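Just below is one structure, and these are the notes that go with it.
The values are calculated or read from the model by the stated rules, or taken from the named source; none is laboratory data. Values in this document were obtained by computation on a predicted structure and should not be read as measured data. Methodologically, a virtual Cβ is constructed for each residue, glycine included, from the backbone with ideal geometry; neighbour enumeration extends over all protein chains shown.
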Amino acid sequence: MLIAAAVLLIAGGIFWTIVTVPEETPEEAPDEPKIMEYQSNFLSEERHGRVIWDIKAETTSVDMATQATVFKNPVGHYYQEDGNVLTLTAASGTYDSATKNVKLSGGAKATTSDGGVLTSDTLEWVAGEDRLVAAGKAVLTRQDLEARGDKIEAREAFSVFRAEGSAYIKKEN
């Protein structure tokens, strides 16, 4: 009888061990960002019936959670009240929906409709201030001058600018 009780106890222990093994809960996958990608997308802003800016890119990717926007081969235009148009191009860029700033990199170039050119490693359009910031090997050329610097900030179709860091300005007569 004692042997039967021992066998029953051992069998019960084995049964309990097998039946009560906790199931492994699958690890929850981290939330992957939800990215919307568009081909040849076009964004713009209008105020009082006038287009302020527009931007078109080969591809546009938007993180739906953060609204972070990334462009491939963007071409943007800022339409100034005096009729001058500032055209921005680069290999890539980003758009901040909160500030409406656009930052371009990879062969960044800005041209004005009256012939001004600003090139640098990166260009940032600071929308709230109508200011263009060129950083890294910045070169501004206009009909009457050439300016170089580590950083150039320009306004009003490059008629007002400031060069910083290894700055050089050459004015033609």
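Somewhere in the stretch 75-92, is a residue surrounded by fewer than 19 Cβ atoms within 10 Å (Cβ to Cβ), more than 21 Å from residue 50 (Cβ to Cβ), out of contact with any helix residue (DSSP H, G or I) (no Cβ under 9 Å at 6 or more places or on another chain) and touching a residue at least 24 places away in the same chain (Cβ under 8 Å)?
No: the stretch 75-92 contains no residue that is surrounded by fewer than 19 Cβ atoms within 10 Å (Cβ to Cβ), more than 21 Å from residue 50 (Cβ to Cβ), out of contact with any helix residue (DSSP H, G or I) (no Cβ under 9 Å at 6 or more places or on another chain) and touching a residue at least 24 places away in the same chain (Cβ under 8 Å).
Go through the stretch 122-133 and report how many residues are more than 16 Å from residue 87 (Cα to Cα) and in a strand (DSSP E or B).
Final tally of qualifying residues: 0.
Given the stretch 134-173, what strands (runs of 3 or more DSSP E) lie entirely inside it while holding 2 or more residues that are surrounded by 14 or more Cβ atoms within 10 Å (Cβ to Cβ) and free of Cβ contacts under 8 Å to residues at least 40 places away in the same chain?
Result: 145-155, 160-164.
Every residue in the stretch 102-121 that is charged (D, E, K, R) and either under 18 Å from residue 68 (Cβ atoms) or part of a strand (DSSP E or B) (or both), please.
103, 109, 121
So in the stretch 67-116, with the set limited to residues that are more than 10 Å from the chain's Cα centre (by Cα) and aromatic (Phe, Trp, Tyr), which one is farthest from residue 57 (Cα to Cα)?
That would be 79.
Table: residues versus (1) of a type outside the set (A, V, I, L, M); (2) loosely packed, with under 10 Cβ neighbours inside 10 Å; (3) on the phi < 0 side of the Ramachandran plot; (4) at pLDDT below 70.
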position: 8; (1), (2), (3), (4): no, no, yes, yes
position: 12; (1), (2), (3), (4): yes, no, yes, yes
position: 18; (1), (2), (3), (4): no, yes, yes, yes
position: 58; (1), (2), (3), (4): yes, no, yes, no
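Listed residues 94, 99, 66; which is assigned to a strand (DSSP E or B) and either modelled with pLDDT of 65 or more or of a type in the set (D, E, K, R) (or both)?
Details: 99 fails: assigned to a strand (DSSP E or B); 66 fails: assigned to a strand (DSSP E or B).
Of the residues listed, the single one that is assigned to a strand (DSSP E or B) and either modelled with pLDDT of 65 or more or of a type in the set (D, E, K, R) (or both) is 94.
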